[in-house]
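A.B. asks: Please see the structure below; I have some questions.
The values are calculated or read from the model by the stated rules, or taken from the named source; none is laboratory data. Predicted model only: the values in this text are computed from it and were never measured. Reconstructed Cβ throughout: ideal geometry from the backbone, glycine too, with neighbour counts over all protein chains shown. In case anyone asks, the SASA skips ligands and DNA or RNA and just uses the protein heavy atoms, side chains included. Shrake-Rupley method; radii C 1.70, N 1.55, O 1.52, S 1.80 Å.
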Amino acid sequence: MTLENLMNIIIEDAKKEAENIIKEANKNAEQIIEDSKKNAVSKALEEEKDLIRKAKEEAENIRNTILSEARIKSSWMIINEKTKIIDEAIEKTKEKLKEFTKSKEKYMEILSKLIINAGSTLGGGELEILLNKQDLKLPLDIKKLEKIVEEKTGKKTIFKIVDEDLQTIGGVIVRTKDQKIIINYTFEGLIESHKRYLQKEASKILFSE
Amino acid sequence: MSQEIKPLKKGEKIIEPLESIIETEKQAIRIIEDAKAKAKKIIEDAKIKAQNEYNIAFQETISKISEKASLIIEEEKRKADLEAKKIIKDTEDKIKDLREKASKKIDEAIKKMLSIILMEE
């Protein structure tokens, strides 16, 4: 072997080793990158359970909100409809009362009863009666009514009919002479004062199964 | 291929060839050292690239999971909306039924209210 051959062998060996070193480095580099990707996916997947659990919780909350709003809306729809039906029934009752005022005798009987009732509640004495224009024309037996109230209260009673153009479909207002105490037995007044009771009773009938 | 080193002949110089061999060895060492340096650089670059790849892969996976999570929410919302619509539709039907039944009892209700208003009770 010549010296030149020996030197060539040394250089060739070194080159081969260098090549192997680079080859190994490249292989390691690829592995490092590959491992890193795998780690990233693995780390992200560890968070998956938590993210999905949170999403399910949020979904449940959204669902509850939507359904709860729908149920509240449903309840309001039914309440509104019931109120509407009751209001319609009260309106029809008013119409019936208006018709009823035309049945002279029966109406006069009720009107007398209302006057007696109001007069007794006020404790008798000097009282004023207010009626609408039409009812002023009715042949009410005021003396008889005074007598009945006197019997009920034990106090002399005088009814005075006052023309103040009372705006009502029917009924009466009775007040003390000094106007300090007023009893409103007009049909509108009676409906208003009994409104809650009327609504309750109408509701029982209209919506019972 | 087997090669053998021939013995020196008388008078042949020994220092110069040795120096050449030493120089060649040094050159060989440099080649290997260069390769090691390059290898080190390759690994360092790979580590930087690995960090970038980590971030990309992590974000991509998280995005896919988030998409899945959004779908869960959307699906539940869609189902709830349908149920809510059904509740309202059922209520509308219930209201129709309610009105129909009430209309049959309206006269009785009016009669009752009249008796209250006219103090017949």
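A.B. asks: Okay, helix-only estimate at 222 nm for chain A: each DSSP H run of n ≥ 4 adds -39500 (n - 2.57), divide by all residues, round to 500 deg cm²/dmol; what do you get?
C.D. replies: Theoretical 222 nm ellipticity from helices: -25500 deg cm²/dmol.
A.B. asks: With springs connecting C-alpha atoms under 10 Å apart, model chain B as a Gaussian network and identify which of B:Lys13, B:Lys77, B:Lys47 has the largest mean-square fluctuation.
C.D. replies: Among B:Lys13, B:Lys77, B:Lys47, the largest mean-square fluctuation in the Gaussian network model of chain B belongs to B:Lys13.
A.B. asks: Further question on the same structure: What order do A:Tyr185, A:Tyr197, B:Tyr54 take when sorted by accessible area (1.4 Å probe), most exposed first?
C.D. replies: Greatest to least solvent exposure: A:Tyr197, B:Tyr54, A:Tyr185.
A.B. asks: Let me ask something else about it. Taking the Cβ of A:Glu81 as the center, what net charge do the other residues with Cβ under 11 Å away carry, scoring Lys and Arg +1 and Asp and Glu -1?
C.D. replies: Here the count lands on +1.
A.B. asks: When chain A is modelled as a GNM with alpha-carbon springs shorter than 10 Å, which of A:Asn20, A:Asn117, A:Asn39 fluctuates the most?
C.D. replies: Of the options given, A:Asn20 has the highest mean-square fluctuation.
A.B. asks: What quantity of accessible surface, computed with a 1.4 Å probe and excluding non-protein components, is buried in total between chains A and B, in Å² to the nearest 100?
C.D. replies: Result for this pair: about 6500 Å² buried.
A.B. asks: Here's a follow-up. At what distance in angstrom do the alpha carbon centres of segment B:103-121 and segment A:1-62 lie from each other?
C.D. replies: Between the Cα centres of segment B:103-121 and segment A:1-62 lies a distance of 91 Å.
A.B. asks: May I ask you to list the GluC sites (Glu not before Pro) in segment A:153-201 that are in a DSSP loop and have at most 14 other Cβ atoms within 10 Å of their Cβ?
C.D. replies: Those that pass, being in a loop and sparsely packed, are A:Glu164.
A.B. asks: Arrange the residues A:Asp163, B:Asp45 by how much accessible surface each exposes, largest first, with a 1.4 angstrom probe.
C.D. replies: I get A:Asp163, B:Asp45, largest accessible area first.
A.B. asks: What residues of segment B:15-55 lie in the reach of a label at A:Glu4, counting those whose backbone N is under 18 Å from a point 7 Å from the Cα along Cα→Cβ?
C.D. replies: B:16-25
A.B. asks: Would you tell me the mean number of C-beta atoms belonging to other protein chains that fall within 10 Å of each C-beta in A:55-62, as a whole number?
C.D. replies: The per-residue average across the peptide is 5.
A.B. asks: Work out Dmax and Rg for segment A:107-209 from the C-alpha atoms and quote the Rg first, both in angstrom.
C.D. replies: When restricted to Cα atoms, segment A:107-209 yields Rg and Dmax of 15.2, 52 Å.
A.B. asks: I'd like the Kirkwood hydrodynamic radius of segment A:46-163, using the inverse of the mean 1/r over distinct C-alpha pairs, in Å.
C.D. replies: Mean inverse Cα-Cα distance, inverted, gives 19.7 Å.
A.B. asks: Let me confirm one metric for peptide A:185-191, namely the mean number of other chain beta-carbon atoms within 10 Å of its residues' beta-carbons.
C.D. replies: The per-residue average across the peptide is 2.
A.B. asks: For segment A:12-80, which whole percent of the accessible surface, found with a 1.4 angstrom probe, sits on carbon and sulfur atoms?
C.D. replies: 49
A.B. asks: First select every other residue whose beta carbon is under 15 angstrom from the beta carbon of A:Ala14; then total the charges, Lys and Arg +1, Asp and Glu -1.
C.D. replies: Summing Lys/Arg as +1 and Asp/Glu as -1 gives -1.
A.B. asks: When Lys and Arg each count +1 and Asp and Glu each count -1, what net charge do the other residues less than 13 Å away from A:Lys200, Cβ to Cβ, add up to?
C.D. replies: Result for the neighbourhood of A:Lys200: +4.
A.B. asks: Quote the charge dipole size of segment A:64-209 about the Cα centre in Debye, to the nearest 20; the model charges only the Cβ of Lys and Arg (+1) and of Asp and Glu (-1).
C.D. replies: Roughly 260 debye for segment A:64-209.
A.B. asks: If you average the alpha carbon positions of segment B:16-64 and of segment A:124-154, how far apart do those two centres end up, in angstrom?
C.D. replies: Using only Cα atoms to place each centre, the spacing works out to 120 Å.
A.B. asks: Please state, as a whole number in µm²/s, the translational diffusion coefficient that the Stokes-Einstein equation yields for chain A at 4 °C and 1.567 mPa s, with Rh defined as the Kirkwood radius across alpha carbon pairs.
C.D. replies: 50
A.B. asks: Cut-off 10 angstrom, C-alpha nodes, Gaussian network model of chain B. Which of B:Ile15, B:Ile29, B:Ile65 fluctuates the most?
C.D. replies: B:Ile15
A.B. asks: Now for a different question. Rounded to two decimals, what is the ratio between the C-alpha radius of gyration of segment A:1-82 and 2.2 N^0.38 Å?
C.D. replies: My calculation over the Cα atoms of segment A:1-82 gives 2.98.
A.B. asks: Using a probe radius of 1.4 Å on heavy atoms only, what accessible surface per residue do you get for segment A:1-105? Whole Å² is fine.
C.D. replies: Here the residues of segment A:1-105 average 68 Å² of exposed surface.
A.B. asks: If you take the C-alpha gyration tensor of segment B:23-121, multiply each eigenvalue by 5 and take the square root, what semi-axes do you get, largest first, in whole Å?
C.D. replies: Those come to 91, 12, 4 Å.
A.B. asks: Sticking with this one: When the convex hull of the Cα atoms of segment A:139-186 is projected onto a plane and the area is averaged over all directions, what value comes out in nm²?
C.D. replies: The number I arrive at for segment A:139-186 is 4.0 nm².
A.B. asks: Let me ask something else about it. Per residue, what accessible area does segment A:129-209 have, given a 1.4 Å probe and all protein chains present, in Å²?
C.D. replies: 61
A.B. asks: May I pose another question? Taking 7 Å along the Cα-to-C-beta vector as the label spot, tell me the A:Glu105-B:Met119 distance in nanometres, rounded to one decimal.
C.D. replies: 2.3
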